[in-house]
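J.: Before I ask anything, let me first share the structure, which is written out below as structure tokens.
The values are calculated or read from the model by the stated rules, or taken from the named source; none is laboratory data. Note that this is a predicted model, so its numbers are computed, not measured. All Cβ positions, even for glycine, are placed from backbone atoms using ideal geometry, and neighbour counts span all protein chains on display. All accessible areas refer to the heavy atoms of the entire protein, side chains included, with ligands and DNA or RNA removed. Shrake-Rupley method; radii C 1.70, N 1.55, O 1.52, S 1.80 Å.
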Amino acid sequence: MVKKVAIIGAGPGGLTLAHYLLRREHKYQIDIYEHRSDPRNIPLNQTRTFPMSLGDRGLKTLWQIPGLEAEVKAISLETTGSILHQKNGKQRRLDRKKVFVSIDRNHLTLAILKNLVKQYDQSRLNIYFDCQCQNINIANKTIKITQNLSEQPTEFTRNYDLLIGADGARSVVREAFSQTQDFQVQTNYVPSAYKSLYLPNPAEILDIKLEPGKVHAWRLNSGISVLLVHQIDKTMNGVILFPYQNNPIAELKTAAQVQQFFQENFPEVSKILPQSAAEEFAQRPISRVLTVRCNRYHIEDSVLLIGDAAHAVSPSIGQGCNSTLEDVRIFNEILDKNADDLKKSLPEYSSLRVADGHAVKDLSDYSFPTDKKLFAEFIIRNSVAKFLHPLFPKKFPPSILDAVFDDDISYSKILLQNQDWISKVKNKNHSL
Ligand SMILES: Cc1cc2nc3c(=O)[nH]c(=O)nc-3n(C[C@H](O)[C@H](O)[C@H](O)COP(=O)(O)OP(=O)(O)OC[C@H]3O[C@@H](n4cnc5c(N)ncnc54)[C@H](O)[C@@H]3O)c2cc1C
């Protein structure tokens, strides 16, 4: 019998999972509910987006969707590592073993969505935008949705056979897990908040040479850092990350104040920050990142959490979306193995994925130290691993940054290989 699936959230996770389920020989009929508006009809929102790095872990999932590789490559850039810019003008390179793809989060989501609606019609797939899931009745297998298309919101209830929580770090689906026994969840804000930055093509501005195909990073001792990546149209997008408590960014209310702040702290960046970009920056709200760690990703044979809803992480090592897309591929493999038996597949997904979810959170929280001396040690360890791993692969594991972008080593194994370092950073960060 065809199973009725309700997916909450049309982000990268929810849309990609819809692709994979619809390819499974007409076994699933899918409704997706997304509380934002249809991105095909409105200009892409610059407030809630940022460039993301996708490595093999995420790309391998996307490339299995017919046509998507070419569509994503047309709107993204290949990147081969990072350049850390120091205040004295010197640069430190962190090259990566493998090329990764840099793409804006909302552009990626739009590409996956367009490909999905091109392949499947309404007999198998319906996507409801401006529709927010309010709550879930686990016992009755129903969801309550509010549709915000007019000033007078309307409410309706739908039933499901399988409910997917792909609704991000503040998941309503995950909240419903508290109706079940022995569910534990821990949510924490990362100490850093962020604002997106949209800058013009630096090559059009005299005297600025920022090598294409790299993530450019500037970092102050106070913990404030700027990350910028070239975009396909040669502009540069990125984020400024800063401690949420006592942060100076909240005080920047005008374009002049923004420009002065960048001139004093990030002089190279200030050269490519025109008045218009500074004005928009001053207006943009500050965003925070919530992390999630829970002990189970399923309820019996009828509810499943994927992506940020299950294991949202700090963006420090660029693994949130990579791990989300990996979730989809692994769930698909489990369905293959169990011939779509959900009673077997959902618990199996939890038992395989929870350990990796915890590991990717620890790796994201503690790979990069905040302490200056430890940061220097991190750079040295990274270089040593790069040199020794290819010569003695059994004795010396790859660097954390290379390993996380590879798809043939699990997050749990990477954590195990680097437990001494992760514990050292954790202890130091907590003692500061
Ligand atoms: C600054 C920053 C930089 C990042 N950089 C990287 C990177 O370099 N590499 C990487 O791999 N990852 C990165 N990430 C993480 C990445 O963005 C997320 O891990 C990824 O978007 C998770 O996808 P998702 O589909 O699980 O959730 P989301 O992208 O959060 O999508 C969830 C969707 O659900 C919708 N929704 C929420 N609640 C409801 C509801 N009640 N009803 C209906 N719809 C709802 C939301 O509107 C949203 O569209 C970064 C994150 C940040 C903040």
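J.: Just one of A203, A217, A193 is within 25 Å of S76 (Cα to Cα), open to solvent by less than 20 Å² (accessible area, probe 1.4 Å) and among the small types (G, A, S); which is it? Walk me through how you get there before you give the answer.
T.: Values: A203 fails: open to solvent by less than 20 Å² (accessible area, probe 1.4 Å); A193 fails: within 25 Å of S76 (Cα to Cα).
None of the other options fit; the residue is A217.
J.: Something else now. What number goes with the only condition from (1) in contact with a strand residue (DSSP E or B) (Cβ under 9 Å, 6 or more places away or on another chain); (2) buried (at least 19 other Cβ atoms within 10 Å of the Cβ) that E326 does not pass?
T.: (1)
J.: Just checking, which of S37, S102, S82, S53 is surrounded by 13 or more Cβ atoms within 10 Å (Cβ to Cβ) and in contact with an Asp or Glu (Cβ under 6 Å, 6 or more places away or on another chain)? Full working, then the answer.
T.: Working: S102 fails: in contact with an Asp or Glu (Cβ under 6 Å, 6 or more places away or on another chain); S82 fails: in contact with an Asp or Glu (Cβ under 6 Å, 6 or more places away or on another chain); S53 fails: in contact with an Asp or Glu (Cβ under 6 Å, 6 or more places away or on another chain).
The unique qualifying residue is S37.
J.: Tally up the residues in the stretch 232-267 that are over 23 Å from the mean Cα position of the chain (by Cα) and among the aromatic types (F, W, Y), please.
T.: 3
J.: Still on this structure, I have one more. For a quick check of your reading: which strands (runs of 3 or more DSSP E) sit entirely within the stretch 110-170 and have at least 2 residues that are within 27 Å of T180 (Cα to Cα)?
T.: Working: elements: 125-128, 131-137, 142-147, 154-159, 162-165.
Once the strands (runs of 3 or more DSSP E) in the stretch 110-170 are filtered for at least 2 residues that are within 27 Å of T180 (Cα to Cα), what remains is 131-137, 142-147, 154-159, 162-165.
J.: When the residues of the stretch 311-323 are filtered to those that are part of a loop (DSSP other than H, G, I, E, B) and within 6 Å of the ligand (Cβ to nearest atom), which remaining residue is surrounded by the most Cβ atoms within 10 Å (Cβ to Cβ)?
T.: Narrowing the stretch 311-323 to residues part of a loop (DSSP other than H, G, I, E, B): 312-314, 318-319.
Subsequent filtering for residues that are within 6 Å of the ligand (Cβ to nearest atom) retains 318-319.
On the way: G318: 22, Q319: 27.
Checking each candidate, the answer is Q319.
J.: Shifting gears a bit: Where residues in the stretch 220-235 are more than 18 Å from T79 (Cα to Cα) and of a type outside the set (S, T, N, Q), which of them is farthest from the ligand (Cβ to nearest atom)?
T.: Filtering the stretch 220-235 down to residues more than 18 Å from T79 (Cα to Cα) leaves 220-225.
Retained after the next criterion (residues that are of a type outside the set (S, T, N, Q)): 220, 223-224.
Numbers: L220: 18, G223: 15, I224: 14 Å.
Checked the stretch 220-235; the qualifying residue farthest from the ligand (Cβ to nearest atom) is L220.
J.: Right, here's the next one. Residue by residue through the stretch 20-43, note down the ones that are away from the ligand (no atom under 11 Å from the Cβ) and either among the hydroxyl-bearing types (S, T, Y) or in contact with a Ser or Thr (Cβ under 9 Å, 6 or more places away or on another chain) (or both). Full working, then the answer.
T.: Taking the stretch 20-43 first, the residues away from the ligand (no atom under 11 Å from the Cβ) are 20-31, 38, 40-43.
Hits for the stretch 20-43 are Y20, Y28, Q29.
J.: Taking the stated definitions as given, is I65 surrounded by 15 or more Cβ atoms within 10 Å (Cβ to Cβ) and either within 16 Å of the ligand (Cβ to nearest atom) or part of a strand (DSSP E or B) (or both)?
T.: Numbers: surrounded by 15 or more Cβ atoms within 10 Å (Cβ to Cβ): yes; either within 16 Å of the ligand (Cβ to nearest atom) or part of a strand (DSSP E or B) (or both): yes.
Taking the combined requirement at face value, the residue satisfies it.
J.: Look through A359, A355, A403 and report the one residue that is in the same structural domain as D301 (by TED's automatic domain parsing), part of a helix (DSSP H, G or I) and within 16 Å of the ligand (Cβ to nearest atom).
T.: Working: A355 fails: within 16 Å of the ligand (Cβ to nearest atom); A403 fails: in the same structural domain as D301 (by TED's automatic domain parsing).
A359 is the lone residue from the list that is in the same structural domain as D301 (by TED's automatic domain parsing), part of a helix (DSSP H, G or I) and within 16 Å of the ligand (Cβ to nearest atom).
J.: Quick check, is Y366 of a type in the set (F, W, Y), within 30 Å of Q179 (Cβ to Cβ), surrounded by 20 or more Cβ atoms within 10 Å (Cβ to Cβ) and under 19 Å from the mean Cα position of the chain (by Cα)?
T.: On the way: of a type in the set (F, W, Y): yes; within 30 Å of Q179 (Cβ to Cβ): no; surrounded by 20 or more Cβ atoms within 10 Å (Cβ to Cβ): yes; under 19 Å from the mean Cα position of the chain (by Cα): yes.
No, not satisfied.
J.: State which residue pairs qualify: first residue over 25 Å from D104 (Cβ atoms) and inside the stretch 235-249, second residue within 13 Å of the ligand (Cβ to nearest atom) and at pLDDT below 90 in any location, beta carbons under 7 Å apart, and separation of 6 or more residues or different chains.
T.: Short answer, once both residue conditions are applied: P243/S192.
J.: Of everything in the stretch 151-177, what is under 28 Å from T49 (Cα atoms), open to solvent by 70 Å² or more (accessible area, probe 1.4 Å) and more than 8 Å from the ligand (Cβ to nearest atom)? Give them in sequence order.
T.: Our first condition is that a residue be under 28 Å from T49 (Cα atoms); within the stretch 151-177, this holds for 151, 153, 163-176.
Narrowing further to those that are open to solvent by 70 Å² or more (accessible area, probe 1.4 Å): 151, 170, 175.
Matches in the stretch 151-177: E151, E175.
J.: Restricting the search to the stretch 220-235, which residues are closer than 27 Å to A376 by Cβ and either open to solvent by less than 30 Å² (accessible area, probe 1.4 Å) or out of contact with any His (no Cβ under 9 Å at 6 or more places or on another chain) (or both)?
T.: First, pick out the residues of the stretch 220-235 that are closer than 27 Å to A376 by Cβ: 220-229.
Answer for the stretch 220-235, where residues must be closer than 27 Å to A376 by Cβ and either open to solvent by less than 30 Å² (accessible area, probe 1.4 Å) or out of contact with any His (no Cβ under 9 Å at 6 or more places or on another chain) (or both): L220, N221, S222, G223, I224, S225, V226, L228, V229.
J.: So in the stretch 293-310, with the set limited to residues that are open to solvent by less than 10 Å² (accessible area, probe 1.4 Å) and near the ligand (Cβ under 10 Å from one of its atoms), which one is nearest to R57 (Cα to Cα)?
T.: Ranking the qualifying residues of the stretch 293-310, first place goes to G307.
J.: Please determine, by comparing only the residues of the stretch 7-25 that are touching a residue at least 12 places away in the same chain (Cβ under 8 Å) and assigned to a loop (DSSP other than H, G, I, E, B), which one is farthest from R36 (Cα to Cα). Steps first, please.
T.: Of all residues in the stretch 7-25, those touching a residue at least 12 places away in the same chain (Cβ under 8 Å) come to 7-22, 24.
Going one step further and asking which of them are assigned to a loop (DSSP other than H, G, I, E, B), we end up with 9-11, 24.
Details: G9: 9, A10: 9, G11: 10, R24: 28 Å.
Among residues in the stretch 7-25 that are touching a residue at least 12 places away in the same chain (Cβ under 8 Å) and assigned to a loop (DSSP other than H, G, I, E, B), the one farthest from R36 (Cα to Cα) is R24.
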